[in-house]
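Below: the structure, in structure tokens.
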Amino acid sequence: MELGIRGKRALVCASSKGLGRGCAENLAAAGVDLTLCARGEEALIETAQYIQKTYGVSVTAIAADITSEDGRTKVLEAAGDVDILVTNAGGPPPGLWSDWDRDDFIKAIDANMLTPIALMKALLPSMMTKGWGRVVNITSQSVKAPIAVLGLSNSARAGLTGYVAGTARQVAGHGVTINNLLPGIHATDRAISLDGGVAQQRGISVEQAAAERAQTIPAGRYGTAQEFGATCAFLCSQHAGFIIGQNILLDGGAVNASL
Ligand code: NAP
């Protein structure tokens, strides 16, 4: 399907690997020029070069921590006046409800709530002036169904979800859509590292932990960054202009709910 966004410009955050990279690749396949960022330079440059060579779009890569003010300033300066924003950052560490103190919550809120809000505040005005824009925030299935060990994620992402619900309806009249994509379990480094924790705790192999977790998903498998990215690209397309303020779950059926 032609997505109608050839020649648009996108900032895709936290995109050297995993779901962010999946979004970047699918936007590039639709002809979108990209600014990418991640903290580690090596994987970032490798990804940027691969995307540039494979899809023939222009790719700017900025090594920076998107959750810090300095990092954001660097990334926003390089990205300039983009049409599409995909927000993303690493998720908070797992633990028990009683583990976390104020500093842990502030860190999680900074990374997974205030960072995407700061990026939207910086980039929405020019999208609204141009009369066209797309924002996709990568959040988590934990927004719909809390994951016990990810209390920091459950909390911070709930705050972002509330902000988006109100903001999306204020900018929609200017041709700008904001939606959230909620990943369930996907086969990325993040999922493997969570499986590693379970494997260690239970004295089983990482493969066994992953196989057991896959059986908890009705689809019987983990999602892929590629299919996640394809949904993101569709939400950024011309066809998705009437989808406003939605929370779209990509979880292989894991959240057991009728609506
Ligand atoms: P991943 O495979 O670990 O990839 C994370 C990417 O983000 C890497 O490119 C990483 O590069 C970059 N990154 C991390 N922190 C960053 C920061 N502060 N500034 C800039 N770049 C940063 O993770 P993922 O699985 O794609 O997950 C992406 C998001 O979706 C996370 O918030 C995660 O919690 C959420 N999520 C994932 C799943 C899943 O099953 N995979 C499920 C639910 C929610 P550097 O490390 O070099 O910075």
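The values are calculated or read from the model by the stated rules, or taken from the named source; none is laboratory data. From a predicted model like this one, the values you see are computed outputs, not experimental measurements. Glycine gets a Cβ as well: all are built from the backbone with ideal geometry, and neighbour counts include every protein chain shown. Heads up: the accessible areas ignore ligands, DNA and RNA and are worked out on the full protein's heavy atoms, side chains in. Shrake-Rupley method; radii C 1.70, N 1.55, O 1.52, S 1.80 Å.
Observations on the structure shown:
- For R39, the amide hydrogen comes within under 5 Å of the amide hydrogens of A64, counting only partners 5 or more places away or on other chains and with H modelled in the peptide plane.
- Over 22 Å between alpha carbons, listed pairs K17/K144; K17/K74; K17/K121; K53/K130; K17/K53; K74/K121: K17/K144; K17/K121; K53/K130
- Long-range HN-HN contacts of K8 with modeled amide H, under 5 Å: D33
- Alpha carbon convex hull of region 141-250, projected area averaged over orientations, nm²: 7.6
- Here the Karplus relation 6.51 cos²θ - 1.76 cosθ + 1.60, evaluated at θ = phi - 60°, turns the backbone of region 139-155 into coupling constants of 10, 6, 4, 5, 5, 8, 9, x, 9, 3, 6, 10, x, 5, 5, 3, 6 Hz, with x for every Gly and Pro.
- Cys with no candidate disulfide partner in the chain (beta-carbon separation under 4.7 Å rule): C13, C37, C236
- The phi-based Karplus calculation (6.51 cos²θ - 1.76 cosθ + 1.60; θ = phi - 60°) puts the 3J(HN,Hα) values of region 53-64 at 5, 6, 10, x, 9, 7, 10, 10, 10, 10, 7, 6 Hz, whole numbers, x for Gly and Pro.
- Accessible solvent surface per residue of the chain, calculated while the other protein chains remain in place, 1.4 angstrom probe, Å²: 47
- Crossing angle, helix 18-29 versus the chain [Cα axis fit, 0-90 degrees, rounded to tens]: 30
- Packing-based ranking of 226-235, 36-45, 244-253, 18-27 yields 18-27, 226-235, 36-45, 244-253, ordered from highest to lowest mean Cβ neighbour count within 10 Å.
- Working from the Cα coordinates of the chain, the gyration tensor eigenvalues give, after taking √(5λ), semi-axes of 28, 20, 19 Å in decreasing order.
- D104-D189 FRET efficiency (beta carbon distance; Förster radius 22 Å; 0.05 resolution): 0.55
- Under the Karplus curve 6.51 cos²θ - 1.76 cosθ + 1.60, θ = phi - 60°, whole-Hz ³J(HN,Hα) for region 184-201, x wherever Gly or Pro sits: x, 6, 10, 7, 10, 4, 4, 5, 5, 5, 5, 4, x, x, 5, 4, 5, 4
- Residues K130 and A257, FRET efficiency given R0 of 35 Å [Cβ-Cβ distance, rounded to 0.05]: 0.40
- Model label zone, E2; criterion: amide N under 15 Å from point 7 Å along Cα-to-beta-carbon; scope region 20-44: 30-32
- Accessible area per residue was computed with a 1.4 Å probe on protein heavy atoms; H239 scores about 100 Å².
- Element breakdown for the chain at a 1.4 angstrom probe: carbon and sulfur atoms account for 54% of the accessible area.
- GNM result for the chain, Cα springs below 10 Å: residue of T139, T73, T177 fluctuating most strongly: T73
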